[in-house]
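Structure first, then comments.
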Amino acid sequence: GGGGGGASSVLMMSESAAATFRKENRIDVSGTQAEAFRPVATFSDAGFAADVLQATSRFQKPTPIQAQCWPILAKGRDIVGVAETGSGKTLAFFLPAVAYVRSAPKAKAGQVHVLVLAPTRELAMQTEQVCKEAGAHCGLTSICIYGGVPKGPQKQAVREGAVVVVATPGRLLDLESEGALSLGAVCYLCLDEADRMLDLGFEKDVRRIITLTPSSRRTAMFTATWPDSVRALADEFLADPIRVNVGSETLSANHRVTQHVEVLEQHAKEGRLDELLKQFKPSKNNRILVFALYKKEAARVEQTLQRNGVHCIAIHGDMTQAARTSALQQFKEGQVPVLVATDVAARGLDIPLVQVVINFTFPLTIEDYVHRIGRTGRGGNTGTSHTFFTSYDKAHAGALQNILREAGQQVPDSLLRFGSAVKKKEHKMYGNFGPAEGAPMKAATRIVFD
């Protein structure tokens, strides 16, 4: 891959500085010749052209994932980044992409050069916003493609030239099959929140999209967790990738979050939520995120709180795209200090500086619990989480106790009473009746009738 546009060479840290940096930031790098890639200490060491570097002017220094990924991508290697959301990964993959595009032949109308796939429209919009701002300094146009809105304007935008496309899988395939855009010239592909895309059932679409891109492309894949399904995707579609783990591969909660778990009866939740909100006094500088499990529940909690005089707003799947965007904006700007959300609507959303996360209903998986509370305590700040736990959630008691212990938190006696067994993870498709862990399915036998 060429640098292009006055890029200089990459200046990596010394071996001893790199070892210290990795230890401090819990970074682990593996893969063929992984030891050759030491992190960079400053933005200017990353070898980007001056106009590309302007995208970093608001920040003091690279985040751990940026520092470690840039030298790898600069060398043209594929990468898997296992890191929590909100770790600066958009610029980690996008700035090297800019260098790639510059050395590629000019895109014809409708040709996509850089493709970023995201699981939800909110995440796609947010990533595209970062790409747009970063690309503006070096003349790169980007567009965002997602479902739930008319196709016309999106097709028009592609025709006007969209070198960078950030998209959700379904709508991208629609436009591709209608001939509105071509993926045959993609030189740089990024799969963002890959675990989430597979969780949401996009695996077939993602595979189809990847096969439509040239095999000569560079691929970067980011994921918050590293389950077998994501590993299989990486093995199949990435060329000898370097894997960068930031944090730890085992599921662990952010240690800067103080976790409180309260065991209570289902009917006591609303009263207790009201008490907590009175205690925390939500305000512009003290934002509170309340998680519900289902769309209907989110809407109900929002209405109850509003009746109790709490200034709040919800974001869930039954709302139109415009309503969701507007709700998020009001919360971001602090006009409304309490946001009620479902997991699907919130995954990957960059909600800045939330001081408190309240889990009104425990999520379906322990991974989602870690994601939810990871919304606070970001960017080096501390945060607080409050979780309501009822007898309906008892299957998660053991796993939750492990998360609390690992983060050095208090495990309440009332939670220990549910026992501490950790349930084996069910297979996505077959529940508990699937093939043994990692074993292939028995091939189907084809019977031909004459």
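Worth a mention:
- Of the residues 268, 298, 314, the single one that is part of a helix (DSSP H, G or I), of a type in the set (A, V, I, L, M, F, W, C) and closer than 26 Å to residue 120 by Cβ is 298.
- Exactly one residue out of 91, 173 is over 28 Å from residue 10 (Cα atoms), touching a helix residue (DSSP H, G or I) at 6+ places or on another chain (Cβ under 8 Å) and not in a loop (DSSP other than H, G, I, E, B): that is 173.
- Restricting attention to the stretch 143-169, the residues that are exposed (fewer than 14 other Cβ atoms within 10 Å of the Cβ) and either acidic (Asp, Glu) or not in a helix (DSSP H, G or I) (or both) add up to 3.
- Screening the stretch 317-359 for residues that are of a type in the set (A, V, I, L, M, F, W, C) and within 14 Å of residue 120 (Cβ to Cβ) and picking the one that is modelled with the highest pLDDT gives 341.
- Within the stretch 285-305, residues that are farther than 20 Å from residue 374 by Cα reach partners that are surrounded by fewer than 16 Cβ atoms within 10 Å (Cβ to Cβ) and among the small types (Gly, Ala, Ser) with beta carbons closer than 9 Å, at six or more positions or on different chains, in the pairs 295/317.
- Checked against the criteria, residue 73 counts as under 29 Å from residue 27 (Cβ atoms), touching a helix residue (DSSP H, G or I) at 6+ places or on another chain (Cβ under 7 Å) and buried (at least 19 other Cβ atoms within 10 Å of the Cβ).
- Total residues in the stretch 46-74, condition assigned to a helix (DSSP H, G or I) and closer than 26 Å to residue 239 by Cα: 12
- Among the numbered conditions (1) surrounded by 20 or more Cβ atoms within 10 Å (Cβ to Cβ); (2) of a type in the set (Ser, Thr, Tyr); (3) closer than 21 Å to residue 285 by Cβ; (4) at pLDDT below 95, the only one that residue 385 does not meet is (4).
- Subset of the stretch 179-209 (residues that are without any contact (Cβ under 8 Å) to a residue 60 or more places away in the chain and within 23 Å of residue 157 (Cβ to Cβ)): 179, 205, 208
- Among the residues of the stretch 256-275, those identified as farther than 20 Å from residue 396 by Cα, surrounded by fewer than 17 Cβ atoms within 10 Å (Cβ to Cβ) and touching a residue at least 60 places away in the same chain (Cβ under 8 Å) are 256, 272.
- Candidates are the residues of the stretch 362-382 that are among the β-branched types (Val, Ile, Thr) and in contact (Cβ under 8 Å) with a residue 40 or more places away in the chain; the one that is surrounded by the fewest Cβ atoms within 10 Å (Cβ to Cβ) is 382.
- Every residue from the stretch 98-142 that is assigned to a helix (DSSP H, G or I), surrounded by fewer than 17 Cβ atoms within 10 Å (Cβ to Cβ) and either free of Cβ contacts under 8 Å to residues at least 40 places away in the same chain or of a type in the set (Gly, Ala, Ser) (or both): 103, 129, 132, 136
- Filter result for the condition that a residue is among the polar types (S, T, N, Q) and in contact with a Cys (Cβ under 8 Å, 6 or more places away or on another chain), over 306, 259: 306
- If you go through the stretch 213-230 and keep only what is loosely packed, with under 15 Cβ neighbours inside 10 Å and modelled with pLDDT of 85 or more, you end up with 214, 215, 216.
The values are calculated or read from the model by the stated rules, or taken from the named source; none is laboratory data. These numbers come from a predicted model, not from an experiment. Note: ideal-geometry Cβ built from the backbone for every residue, glycine included; neighbour counts use all protein chains shown.
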